[in-house]
Amino acid sequence: MSESSFFVSAPGKVIIFGEHSAVYGKPAIAAALSLRAYLLITPSKDVNTLKLDFPDIGLSHSWNKNDIPWEEIRSHVKLVDGRPQITEELIPEIVDNLGSVLSNLNSTLHYTACLCFLYLYTQLCNKDIPGMSFCIRSTLPIGAGLGSSASTAVCLATSLAILGDQVERPSYGMNEKSTKKESTDLDFIDSWSLMGEKCFHGNPSGIDNAVATHGGAVMFQRMSNPAQPSVRTTMRNFPPIKLLLTNTKVPRSTAELVGGVSRVNSEYPKTSSSILDAMEHLSTNAYQIMVRPFFGKEERKTLRELVNINHGLLVALGVSHPSLEKVKIISDTWKLGATKLTGAGGGGCAITLVDDDVTEEVIEKGIAEFEKEGFDTFETSLGGKGVGALAYSDVPEELRERIFSPEVFCAYSDRLEIENALSTDNLTGWRFW
Ligand SMILES: Nc1ncnc2c1ncn2[C@@H]1O[C@H](COP(=O)(O)OP(=O)(O)O)[C@@H](O)[C@H]1O
Ligand SMILES: C[C@@](O)(CCOP(=O)(O)O)CC(=O)O
Ligand SMILES: [Mg+2]
(Lines give C-alpha, C1' and ligand atoms only; values in the text may rest on other atoms or scores of the structure.)
(Ligands and ions follow the chains in the order given, each with its own letter.)
Protein backbone atom coordinates (compact mmCIF):
# COMPACT_ATOMS: atom_id res chain seq x y z
CA MET A 1 0.00 0.00 0.00
CA SER A 2 1.27 3.45 -0.75
CA GLU A 3 0.42 6.96 0.27
CA SER A 4 0.63 8.05 -3.35
CA SER A 5 -2.39 5.90 -4.25
CA PHE A 6 -5.58 7.80 -4.98
CA PHE A 7 -9.01 7.50 -6.58
CA VAL A 8 -10.85 9.76 -8.98
CA SER A 9 -14.50 9.42 -9.89
CA ALA A 10 -16.88 11.01 -12.41
CA PRO A 11 -20.62 10.60 -13.05
CA GLY A 12 -22.58 9.41 -16.04
CA LYS A 13 -25.33 11.59 -17.52
CA VAL A 14 -28.81 11.60 -18.91
CA ILE A 15 -29.50 13.72 -21.98
CA ILE A 16 -33.05 15.00 -21.60
CA PHE A 17 -33.22 16.95 -24.87
CA GLY A 18 -30.91 17.29 -27.85
CA GLU A 19 -28.74 14.20 -28.33
CA HIS A 20 -27.26 14.05 -31.84
CA SER A 21 -28.35 17.62 -32.63
CA ALA A 22 -25.74 18.61 -29.99
CA VAL A 23 -23.06 17.36 -32.39
CA TYR A 24 -24.33 19.90 -34.97
CA GLY A 25 -24.08 22.92 -32.67
CA LYS A 26 -27.65 22.85 -31.35
CA PRO A 27 -28.34 23.36 -27.63
CA ALA A 28 -28.98 20.27 -25.52
CA ILE A 29 -29.97 19.68 -21.89
CA ALA A 30 -28.36 17.02 -19.70
CA ALA A 31 -27.87 16.21 -16.03
CA ALA A 32 -25.41 14.13 -14.01
CA LEU A 33 -26.49 10.72 -12.72
CA SER A 34 -25.67 9.11 -9.40
CA LEU A 35 -24.06 6.19 -11.28
CA ARG A 36 -20.30 6.79 -11.66
CA ALA A 37 -16.94 5.50 -12.86
CA TYR A 38 -14.18 5.03 -10.24
CA LEU A 39 -10.49 4.95 -11.16
CA LEU A 40 -7.84 3.70 -8.73
CA ILE A 41 -4.25 4.80 -9.30
CA THR A 42 -1.48 2.91 -7.46
CA PRO A 43 2.31 2.92 -7.92
CA SER A 44 3.62 0.04 -10.05
CA LYS A 45 6.05 -2.42 -8.48
CA ASP A 46 8.50 -1.62 -11.27
CA VAL A 47 8.98 2.14 -11.84
CA ASN A 48 9.07 1.64 -15.60
CA THR A 49 5.81 -0.30 -15.84
CA LEU A 50 2.59 1.34 -16.87
CA LYS A 51 -0.37 -0.95 -16.27
CA LEU A 52 -4.04 -0.78 -17.21
CA ASP A 53 -6.63 -3.04 -15.58
CA PHE A 54 -10.05 -2.35 -17.05
CA PRO A 55 -11.97 -5.47 -15.94
CA ASP A 56 -15.35 -4.12 -17.14
CA ILE A 57 -14.12 -4.55 -20.71
CA GLY A 58 -11.78 -7.50 -20.04
CA LEU A 59 -8.62 -5.47 -20.59
CA SER A 60 -5.38 -6.04 -18.70
CA HIS A 61 -2.34 -4.61 -20.42
CA SER A 62 1.04 -3.19 -19.50
CA TRP A 63 3.86 -1.32 -21.21
CA ASN A 64 7.43 -0.46 -20.38
CA LYS A 65 7.12 3.29 -20.49
CA ASN A 66 10.56 3.55 -22.08
CA ASP A 67 9.09 1.85 -25.18
CA ILE A 68 6.91 4.90 -25.83
CA PRO A 69 8.46 7.11 -28.54
CA TRP A 70 8.48 10.10 -26.16
CA GLU A 71 10.64 12.44 -28.20
CA GLU A 72 8.67 12.12 -31.44
CA ILE A 73 5.40 12.49 -29.56
CA ARG A 74 6.47 15.41 -27.38
CA SER A 75 7.69 17.30 -30.45
CA HIS A 76 4.04 17.49 -31.58
CA VAL A 77 2.51 18.52 -28.24
CA LYS A 78 1.26 22.11 -28.27
CA LEU A 79 2.44 23.91 -25.12
CA VAL A 80 1.36 27.36 -23.95
CA ASP A 81 3.11 28.62 -20.79
CA GLY A 82 4.36 25.08 -20.28
CA ARG A 83 0.79 23.68 -20.25
CA PRO A 84 -0.31 21.23 -22.95
CA GLN A 85 -3.09 22.59 -25.15
CA ILE A 86 -5.96 20.69 -26.68
CA THR A 87 -6.44 20.71 -30.43
CA GLU A 88 -9.54 20.66 -32.63
CA GLU A 89 -8.77 17.14 -33.80
CA LEU A 90 -6.54 14.37 -32.43
CA ILE A 91 -2.98 15.10 -33.60
CA PRO A 92 -2.45 12.50 -36.37
CA GLU A 93 1.33 12.32 -35.80
CA ILE A 94 0.80 11.42 -32.13
CA VAL A 95 -1.79 8.75 -32.99
CA ASP A 96 0.62 7.43 -35.62
CA ASN A 97 3.56 7.33 -33.18
CA LEU A 98 1.46 5.50 -30.61
CA GLY A 99 0.81 2.82 -33.26
CA SER A 100 4.06 1.04 -32.36
CA VAL A 101 2.98 0.49 -28.73
CA LEU A 102 -0.63 -0.31 -29.63
CA SER A 103 0.09 -2.84 -32.37
CA ASN A 104 -0.39 -5.97 -30.23
CA LEU A 105 -3.96 -5.06 -29.24
CA ASN A 106 -6.32 -7.07 -31.36
CA SER A 107 -9.79 -5.85 -30.40
CA THR A 108 -11.17 -2.42 -31.30
CA LEU A 109 -12.56 -2.09 -27.79
CA HIS A 110 -9.15 -2.58 -26.18
CA TYR A 111 -7.33 -0.56 -28.83
CA THR A 112 -9.64 2.43 -28.28
CA ALA A 113 -9.33 2.33 -24.48
CA CYS A 114 -5.51 2.08 -24.69
CA LEU A 115 -5.34 4.83 -27.32
CA CYS A 116 -7.42 7.09 -25.07
CA PHE A 117 -5.13 6.39 -22.12
CA LEU A 118 -1.84 6.82 -24.00
CA TYR A 119 -3.01 9.88 -25.96
CA LEU A 120 -3.75 11.66 -22.68
CA TYR A 121 -0.78 10.18 -20.80
CA THR A 122 1.85 11.27 -23.30
CA GLN A 123 0.56 14.84 -23.31
CA LEU A 124 -0.38 15.36 -19.66
CA CYS A 125 2.54 13.45 -18.10
CA ASN A 126 6.20 13.06 -19.02
CA LYS A 127 8.59 10.14 -19.13
CA ASP A 128 10.17 10.93 -15.74
CA ILE A 129 6.97 10.23 -13.79
CA PRO A 130 7.24 6.78 -12.17
CA GLY A 131 5.01 4.07 -13.66
CA MET A 132 1.57 3.64 -12.14
CA SER A 133 -1.27 1.11 -12.38
CA PHE A 134 -4.72 2.29 -13.40
CA CYS A 135 -7.83 0.27 -12.61
CA ILE A 136 -11.25 1.58 -13.60
CA ARG A 137 -14.67 0.24 -12.57
CA SER A 138 -18.00 1.66 -13.56
CA THR A 139 -21.39 1.42 -11.89
CA LEU A 140 -22.84 2.64 -15.19
CA PRO A 141 -23.94 0.22 -17.90
CA ILE A 142 -21.31 0.50 -20.65
CA GLY A 143 -22.41 1.51 -24.14
CA ALA A 144 -26.00 2.20 -23.03
CA GLY A 145 -26.34 5.94 -23.64
CA LEU A 146 -25.46 7.07 -20.11
CA GLY A 147 -22.05 8.49 -20.94
CA SER A 148 -19.73 5.75 -19.67
CA SER A 149 -17.14 6.78 -22.28
CA ALA A 150 -17.13 10.37 -21.02
CA SER A 151 -16.93 9.42 -17.34
CA THR A 152 -13.98 7.14 -18.23
CA ALA A 153 -12.32 9.95 -20.21
CA VAL A 154 -12.85 12.40 -17.34
CA CYS A 155 -11.36 9.97 -14.80
CA LEU A 156 -8.32 9.33 -17.02
CA ALA A 157 -7.78 13.02 -17.85
CA THR A 158 -8.11 14.00 -14.18
CA SER A 159 -5.73 11.38 -12.82
CA LEU A 160 -3.12 12.11 -15.51
CA ALA A 161 -3.44 15.88 -15.03
CA ILE A 162 -2.84 15.34 -11.29
CA LEU A 163 0.16 13.06 -11.90
CA GLY A 164 1.58 15.45 -14.50
CA ASP A 165 1.15 18.39 -12.10
CA GLN A 166 -1.18 20.15 -14.52
CA VAL A 167 -3.93 20.68 -11.95
CA GLU A 168 -4.07 20.93 -8.19
CA ARG A 169 -5.87 18.33 -6.14
CA PRO A 170 -9.21 19.59 -4.84
CA SER A 171 -9.37 20.88 -1.30
CA TYR A 172 -12.15 20.71 1.28
CA GLY A 173 -14.69 23.47 1.49
CA MET A 174 -14.64 24.26 -2.22
CA ASN A 175 -17.67 22.22 -3.16
CA GLU A 176 -20.16 25.05 -3.24
CA LYS A 177 -18.00 28.00 -4.22
CA SER A 178 -15.03 27.22 -6.46
CA THR A 179 -12.13 29.64 -6.52
CA LYS A 180 -11.06 30.90 -9.93
CA LYS A 181 -7.99 28.64 -9.95
CA GLU A 182 -10.09 25.59 -9.28
CA SER A 183 -12.61 26.37 -11.95
CA THR A 184 -9.69 26.80 -14.38
CA ASP A 185 -8.53 23.33 -13.34
CA LEU A 186 -12.02 21.97 -14.01
CA ASP A 187 -12.06 23.59 -17.45
CA PHE A 188 -8.65 22.02 -18.14
CA ILE A 189 -10.02 18.58 -17.16
CA ASP A 190 -13.19 19.16 -19.21
CA SER A 191 -11.19 20.10 -22.32
CA TRP A 192 -8.76 17.17 -22.06
CA SER A 193 -11.54 14.69 -21.44
CA LEU A 194 -13.07 15.90 -24.71
CA MET A 195 -9.85 14.70 -26.40
CA GLY A 196 -10.42 11.35 -24.65
CA GLU A 197 -14.00 11.25 -25.98
CA LYS A 198 -12.60 11.91 -29.45
CA CYS A 199 -10.52 8.72 -29.07
CA PHE A 200 -13.73 6.81 -28.18
CA HIS A 201 -16.04 8.17 -30.82
CA GLY A 202 -14.55 10.56 -33.31
CA ASN A 203 -16.90 13.54 -33.21
CA PRO A 204 -18.33 14.14 -29.72
CA SER A 205 -20.26 17.33 -28.99
CA GLY A 206 -18.62 17.68 -25.57
CA ILE A 207 -21.87 17.60 -23.58
CA ASP A 208 -21.13 14.26 -21.88
CA ASN A 209 -17.66 15.20 -20.63
CA ALA A 210 -18.92 18.66 -19.57
CA VAL A 211 -21.56 17.04 -17.33
CA ALA A 212 -19.16 14.34 -16.08
CA THR A 213 -16.65 17.06 -15.14
CA HIS A 214 -18.87 19.75 -13.67
CA GLY A 215 -21.86 17.66 -12.49
CA GLY A 216 -25.29 19.24 -11.95
CA ALA A 217 -27.48 20.02 -14.92
CA VAL A 218 -26.59 22.08 -17.97
CA MET A 219 -27.76 23.49 -21.22
CA PHE A 220 -24.82 22.96 -23.55
CA GLN A 221 -24.06 24.26 -27.00
CA ARG A 222 -21.07 23.50 -29.17
CA MET A 223 -20.11 26.47 -31.34
CA SER A 224 -20.22 26.03 -35.11
CA ASN A 225 -16.76 27.61 -35.29
CA PRO A 226 -14.64 24.88 -33.65
CA ALA A 227 -12.08 27.44 -32.52
CA GLN A 228 -14.69 28.96 -30.19
CA PRO A 229 -15.34 27.33 -26.82
CA SER A 230 -18.69 25.64 -26.21
CA VAL A 231 -21.28 27.42 -24.09
CA ARG A 232 -22.23 25.65 -20.87
CA THR A 233 -25.10 27.21 -18.91
CA THR A 234 -25.51 25.74 -15.45
CA MET A 235 -29.17 25.11 -14.55
CA ARG A 236 -29.07 25.71 -10.82
CA ASN A 237 -32.80 25.41 -10.22
CA PHE A 238 -33.17 22.23 -12.19
CA PRO A 239 -36.76 21.19 -11.43
CA PRO A 240 -37.45 17.93 -9.62
CA ILE A 241 -38.67 15.56 -12.33
CA LYS A 242 -39.78 12.02 -11.70
CA LEU A 243 -37.83 9.97 -14.19
CA LEU A 244 -37.69 6.27 -15.01
CA LEU A 245 -34.62 4.95 -16.77
CA THR A 246 -35.04 1.76 -18.79
CA ASN A 247 -32.02 -0.11 -20.12
CA THR A 248 -32.96 -2.35 -23.05
CA LYS A 249 -29.48 -3.94 -22.73
CA VAL A 250 -29.23 -3.95 -26.52
CA PRO A 251 -25.58 -3.13 -27.24
CA ARG A 252 -24.66 -0.38 -29.65
CA SER A 253 -21.81 1.96 -30.42
CA THR A 254 -22.04 5.75 -30.16
CA ALA A 255 -19.43 6.12 -32.91
CA GLU A 256 -21.57 4.13 -35.38
CA LEU A 257 -24.80 5.95 -34.52
CA VAL A 258 -23.18 9.38 -34.79
CA GLY A 259 -21.77 8.19 -38.15
CA GLY A 260 -25.29 7.13 -39.25
CA VAL A 261 -26.69 10.59 -38.54
CA SER A 262 -23.80 12.14 -40.44
CA ARG A 263 -24.75 10.02 -43.47
CA VAL A 264 -28.43 11.10 -43.27
CA ASN A 265 -27.17 14.65 -42.96
CA SER A 266 -25.09 14.49 -46.12
CA GLU A 267 -27.66 12.53 -48.16
CA TYR A 268 -30.70 14.61 -47.19
CA PRO A 269 -29.20 17.92 -46.08
CA LYS A 270 -32.38 20.01 -46.24
CA THR A 271 -34.59 17.46 -44.48
CA SER A 272 -32.00 16.74 -41.86
CA SER A 273 -31.31 20.40 -41.20
CA SER A 274 -35.05 20.95 -40.60
CA ILE A 275 -35.04 18.09 -38.08
CA LEU A 276 -31.99 19.52 -36.33
CA ASP A 277 -33.57 22.97 -36.28
CA ALA A 278 -36.71 21.48 -34.73
CA MET A 279 -34.53 19.88 -32.05
CA GLU A 280 -32.96 23.26 -31.37
CA HIS A 281 -36.39 24.81 -30.78
CA LEU A 282 -37.31 21.91 -28.50
CA SER A 283 -34.25 22.37 -26.29
CA THR A 284 -34.66 26.14 -26.09
CA ASN A 285 -38.33 25.77 -25.32
CA ALA A 286 -37.66 23.15 -22.64
CA TYR A 287 -34.91 25.30 -21.11
CA GLN A 288 -37.26 28.27 -20.76
CA ILE A 289 -39.80 26.06 -19.03
CA MET A 290 -37.28 24.38 -16.76
CA VAL A 291 -35.76 27.58 -15.40
CA ARG A 292 -39.12 29.14 -14.49
CA PRO A 293 -39.29 29.91 -10.77
CA PHE A 294 -42.58 28.06 -10.66
CA PHE A 295 -42.50 24.60 -12.19
CA GLY A 296 -45.97 23.13 -11.85
CA LYS A 297 -48.42 20.74 -13.51
CA GLU A 298 -48.69 22.74 -16.77
CA GLU A 299 -44.90 22.96 -17.12
CA ARG A 300 -44.50 19.23 -16.52
CA LYS A 301 -47.17 18.52 -19.15
CA THR A 302 -45.43 20.70 -21.74
CA LEU A 303 -42.10 19.04 -20.96
CA ARG A 304 -43.65 15.62 -21.56
CA GLU A 305 -45.01 16.77 -24.91
CA LEU A 306 -41.57 17.98 -25.88
CA VAL A 307 -40.08 14.63 -24.84
CA ASN A 308 -42.49 12.82 -27.18
CA ILE A 309 -41.66 15.14 -30.07
CA ASN A 310 -37.92 14.76 -29.44
CA HIS A 311 -38.21 10.98 -29.64
CA GLY A 312 -40.09 11.25 -32.94
CA LEU A 313 -37.35 13.42 -34.39
CA LEU A 314 -34.67 10.97 -33.26
CA VAL A 315 -36.64 8.17 -34.96
CA ALA A 316 -36.60 10.28 -38.12
CA LEU A 317 -32.80 10.49 -37.90
CA GLY A 318 -32.69 6.69 -37.79
CA VAL A 319 -31.28 6.20 -34.28
CA SER A 320 -34.11 4.31 -32.60
CA HIS A 321 -34.29 0.52 -32.30
CA PRO A 322 -37.15 -2.00 -31.99
CA SER A 323 -36.24 -2.47 -28.32
CA LEU A 324 -36.56 1.28 -27.67
CA GLU A 325 -39.90 1.32 -29.51
CA LYS A 326 -41.01 -1.53 -27.21
CA VAL A 327 -40.18 0.64 -24.19
CA LYS A 328 -42.26 3.41 -25.74
CA ILE A 329 -45.20 1.12 -26.50
CA ILE A 330 -45.26 -0.31 -22.97
CA SER A 331 -44.93 3.14 -21.43
CA ASP A 332 -47.73 4.53 -23.64
CA THR A 333 -49.96 1.48 -23.07
CA TRP A 334 -49.74 1.87 -19.29
CA LYS A 335 -49.88 5.67 -19.62
CA LEU A 336 -46.73 5.98 -17.52
CA GLY A 337 -45.66 9.26 -19.09
CA ALA A 338 -43.54 10.53 -21.98
CA THR A 339 -40.72 8.33 -23.26
CA LYS A 340 -37.73 9.03 -25.44
CA LEU A 341 -34.43 7.33 -26.15
CA THR A 342 -31.46 8.93 -24.41
CA GLY A 343 -27.85 9.14 -25.54
CA ALA A 344 -26.92 7.84 -28.94
CA GLY A 345 -29.85 5.36 -29.23
CA GLY A 346 -29.75 2.21 -31.35
CA GLY A 347 -30.46 0.23 -28.14
CA GLY A 348 -29.21 1.25 -24.72
CA CYS A 349 -31.49 3.39 -22.55
CA ALA A 350 -34.77 5.28 -22.72
CA ILE A 351 -36.14 7.79 -20.21
CA THR A 352 -39.75 8.19 -19.15
CA LEU A 353 -40.92 11.46 -17.60
CA VAL A 354 -43.60 10.07 -15.33
CA ASP A 355 -47.14 11.46 -15.63
CA ASP A 356 -48.43 13.38 -12.60
CA ASP A 357 -51.53 11.25 -12.21
CA VAL A 358 -50.03 7.79 -12.54
CA THR A 359 -50.18 5.66 -9.38
CA GLU A 360 -47.28 3.68 -7.91
CA GLU A 361 -49.31 0.53 -8.59
CA VAL A 362 -49.48 1.30 -12.31
CA ILE A 363 -45.78 2.18 -12.41
CA GLU A 364 -45.01 -1.20 -10.89
CA LYS A 365 -47.18 -2.96 -13.47
CA GLY A 366 -45.36 -1.10 -16.26
CA ILE A 367 -41.99 -2.00 -14.77
CA ALA A 368 -43.06 -5.66 -14.62
CA GLU A 369 -43.82 -5.45 -18.38
CA PHE A 370 -40.37 -3.98 -19.03
CA GLU A 371 -38.81 -6.78 -17.01
CA LYS A 372 -40.72 -9.39 -19.03
CA GLU A 373 -38.93 -8.01 -22.10
CA GLY A 374 -35.59 -8.43 -20.32
CA PHE A 375 -35.16 -4.69 -19.69
CA ASP A 376 -33.94 -3.13 -16.42
CA THR A 377 -35.94 -0.16 -15.11
CA PHE A 378 -35.14 2.07 -12.18
CA GLU A 379 -36.09 5.47 -10.83
CA THR A 380 -33.15 7.81 -10.71
CA SER A 381 -32.13 11.14 -9.26
CA LEU A 382 -30.42 13.77 -11.39
CA GLY A 383 -27.94 16.57 -10.86
CA GLY A 384 -25.24 14.86 -8.78
CA LYS A 385 -21.66 15.95 -8.22
CA GLY A 386 -19.03 16.14 -10.95
CA VAL A 387 -15.46 14.85 -10.85
CA GLY A 388 -13.95 14.20 -7.43
CA ALA A 389 -10.79 12.74 -5.90
CA LEU A 390 -10.13 10.59 -2.85
CA ALA A 391 -6.64 10.78 -1.34
CA TYR A 392 -5.05 8.01 0.72
CA SER A 393 -4.81 10.30 3.73
CA ASP A 394 -8.51 11.18 3.49
CA VAL A 395 -9.62 7.64 4.28
CA PRO A 396 -9.73 6.41 7.90
CA GLU A 397 -6.51 4.50 8.65
CA GLU A 398 -8.25 1.21 9.38
CA LEU A 399 -9.91 1.22 5.93
CA ARG A 400 -6.96 2.30 3.78
CA GLU A 401 -5.47 -1.11 3.09
CA ARG A 402 -8.75 -2.51 1.82
CA ILE A 403 -10.00 0.56 -0.06
CA PHE A 404 -6.73 1.18 -1.94
CA SER A 405 -6.01 -2.47 -2.76
CA PRO A 406 -6.19 -2.98 -6.57
CA GLU A 407 -6.94 -6.67 -5.98
CA VAL A 408 -9.95 -5.88 -3.76
CA PHE A 409 -11.15 -3.11 -6.11
CA CYS A 410 -10.90 -5.29 -9.24
CA ALA A 411 -12.74 -8.12 -7.50
CA TYR A 412 -15.91 -6.22 -6.50
CA SER A 413 -18.60 -8.28 -8.16
CA ASP A 414 -21.23 -5.65 -8.94
CA ARG A 415 -22.44 -2.07 -8.76
CA LEU A 416 -23.67 -2.43 -5.18
CA GLU A 417 -20.31 -3.67 -3.88
CA ILE A 418 -18.50 -0.79 -5.58
CA GLU A 419 -20.98 1.73 -4.22
CA ASN A 420 -20.94 0.26 -0.71
CA ALA A 421 -17.17 0.57 -0.59
CA LEU A 422 -16.66 3.85 -2.39
CA SER A 423 -19.70 6.03 -2.96
CA THR A 424 -19.60 9.59 -1.69
CA ASP A 425 -22.52 8.70 0.61
CA ASN A 426 -20.55 5.93 2.27
CA LEU A 427 -17.06 7.45 2.34
CA THR A 428 -16.77 11.05 3.46
CA GLY A 429 -13.20 11.76 2.30
CA TRP A 430 -14.08 12.59 -1.31
CA ARG A 431 -13.15 16.11 -2.40
CA PHE A 432 -14.62 17.99 -5.31
CA TRP A 433 -13.13 20.85 -7.26
N1 LIG B 1 -15.48 0.95 -17.20
C2 LIG B 1 -14.90 1.06 -18.40
N3 LIG B 1 -13.71 0.49 -18.63
C4 LIG B 1 -13.12 0.63 -19.83
N5 LIG B 1 -13.65 1.27 -20.88
C6 LIG B 1 -14.83 1.86 -20.72
C7 LIG B 1 -15.52 1.79 -19.48
N8 LIG B 1 -16.69 2.45 -19.61
C9 LIG B 1 -16.71 2.90 -20.89
N10 LIG B 1 -15.64 2.55 -21.57
C11 LIG B 1 -15.35 2.87 -22.99
O12 LIG B 1 -16.47 3.57 -23.53
C13 LIG B 1 -17.07 2.83 -24.61
C14 LIG B 1 -18.57 3.00 -24.61
O15 LIG B 1 -18.84 4.32 -25.00
P16 LIG B 1 -20.06 4.74 -25.88
O17 LIG B 1 -20.21 3.86 -27.06
O18 LIG B 1 -19.90 6.18 -26.12
O19 LIG B 1 -21.33 4.47 -24.94
P20 LIG B 1 -21.74 5.22 -23.57
O21 LIG B 1 -20.84 6.40 -23.43
O22 LIG B 1 -23.16 5.63 -23.81
O23 LIG B 1 -21.64 4.22 -22.49
C24 LIG B 1 -16.66 1.39 -24.35
O25 LIG B 1 -16.68 0.66 -25.53
C26 LIG B 1 -15.26 1.57 -23.79
O27 LIG B 1 -14.34 1.80 -24.83
C1 LIG C 1 -25.25 11.17 -29.57
C2 LIG C 1 -24.56 12.13 -28.61
O3 LIG C 1 -25.32 13.37 -28.62
C4 LIG C 1 -24.57 11.61 -27.18
C5 LIG C 1 -23.87 10.28 -27.03
O6 LIG C 1 -23.99 9.82 -25.68
P7 LIG C 1 -23.63 8.31 -25.31
O8 LIG C 1 -22.17 8.07 -25.70
O9 LIG C 1 -24.56 7.42 -26.04
O10 LIG C 1 -23.78 8.23 -23.82
C11 LIG C 1 -23.16 12.41 -29.12
C12 LIG C 1 -22.49 13.60 -28.47
O13 LIG C 1 -23.19 14.58 -28.11
O14 LIG C 1 -21.26 13.58 -28.35
MG1 LIG D 1 -20.29 7.81 -24.92
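The values are calculated or read from the model by the stated rules, or taken from the named source; none is laboratory data. Remember, predicted model here, so these are calculated numbers, not experimental data. Every residue, glycine as well, gets a Cβ built from its backbone with ideal geometry; the counts of neighbours run over all protein chains shown. Note: areas computed on protein heavy atoms with side chains; ligands, DNA, RNA excluded. Shrake-Rupley method; radii C 1.70, N 1.55, O 1.52, S 1.80 Å.
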Along the Cα-to-Cβ line of Arg83, 7 Å from the Cα, sits a label point; which residues in region 195-218 have backbone N less than 18 Å from it?
-> 195-196, 210, 213-214
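Please give the calculated 222 nm ellipticity per residue for the chain, where each DSSP H segment of at least 4 residues contributes -39500 (n - 2.57) and the sum is spread over every residue; nearest 500 deg cm²/dmol?
Helices in the chain give a 222 nm mean residue ellipticity of -13000 deg cm²/dmol.
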Carbon/sulfur fraction of accessible area - the chain, other protein chains in place, 1.4 Å, % | 50 percent
Where the centroid of each part is defined by its Cα atoms, how far is region 1-75 from region 365-381 in Å?
-> 30 Å
For Tyr111, solvent-accessible area (1.4 Å; no DNA, RNA or ligand), Å² | 80 Å²
Using only the alpha carbons, work out the radius of gyration and Dmax of the chain in angstrom.
-> 21.4, 64
Compute the long axis of helix 254-267 from its Cα atoms, compare it with the longest principal axis of the Cα atoms of the chain, and write down the angle in degrees, 0 to 90, nearest 10.
-> 60 degrees
Taking the alpha-carbon centroid of each part, what is the distance from region 131-162 to region 94-130 in angstrom?
-> 15 Å
Calculate, for region 241-382, the solvent-accessible area per residue in square angstrom, rolling a 1.4 angstrom probe over the heavy atoms of the protein chains.
-> 47 Å²
How big is D for region 38-159, in µm² s⁻¹ as a whole number, if Stokes-Einstein is applied with the Kirkwood radius of its Cα pairs at 37 °C and 0.692 mPa s?
-> 217 µm²/s
Restricting to the chain, compute how many DSSP beta bridges are antiparallel as a %, nearest 5.
-> 95 percent
Taking N as the residue count of region 170-287, its alpha carbon Rg divided by 2.2 N^0.38 Å gives 1.26
If you check each cysteine of the chain for another cysteine whose beta-carbon is under 4.7 Å away, which ones come up empty?
-> Cys114, Cys125, Cys135, Cys155, Cys349, Cys410
So how do 399-411, 317-329 stack up, highest first, on mean other-Cβ count within 10 Å?
-> 317-329, 399-411
Working out 0.36 nm times the residue gap between Lys365 and Lys242, then minus their Cα-Cα distance, what length gain in nm do you get to one decimal?
-> 42.6 nm
Tell me, what is the FRET efficiency for Lys301 and Phe378 to the nearest 0.05, using R0 = 22 angstrom and their Cβ-Cβ distance as r?
-> 0.35
Residue span Asn308 to Glu93: 0.36 nm per residue of separation minus Cα-Cα distance leaves a gain in nm of 72.9 nm
How far is helix 92-102 tilted, in degrees, relative to the longest principal axis of the Cα atoms in the chain, given as a value from 0 to 90 rounded to the nearest 10?
-> 70 degrees
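Find the accessible area per residue for region 1-140; the probe is 1.4 Å, ligands and nucleic acids are left out, and the unit is Å².
On the way: 5300 Å² over 140 residues.
Each residue of region 1-140 exposes 38 Å² on average to a 1.4 Å probe.
Once you keep just the Cα pairs under 8 angstrom separated by 6 or more residues, what percentage relative contact order results for the chain?
Reported relative contact order: 25 percent.
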Assign one of three labels to region 241-382, namely rounded, prolate or oblate, based on the Cα gyration tensor with a ≥ b ≥ c the square roots of its eigenvalues; rounded applies when a/c is under 1.5, prolate when it is not and a/b is larger than b/c, and oblate otherwise.
-> oblate
Sorted by packing (mean other beta-carbon atoms within 10 Å per residue), highest first, where do 388-397, 359-368, 149-158 land?
-> 149-158, 388-397, 359-368
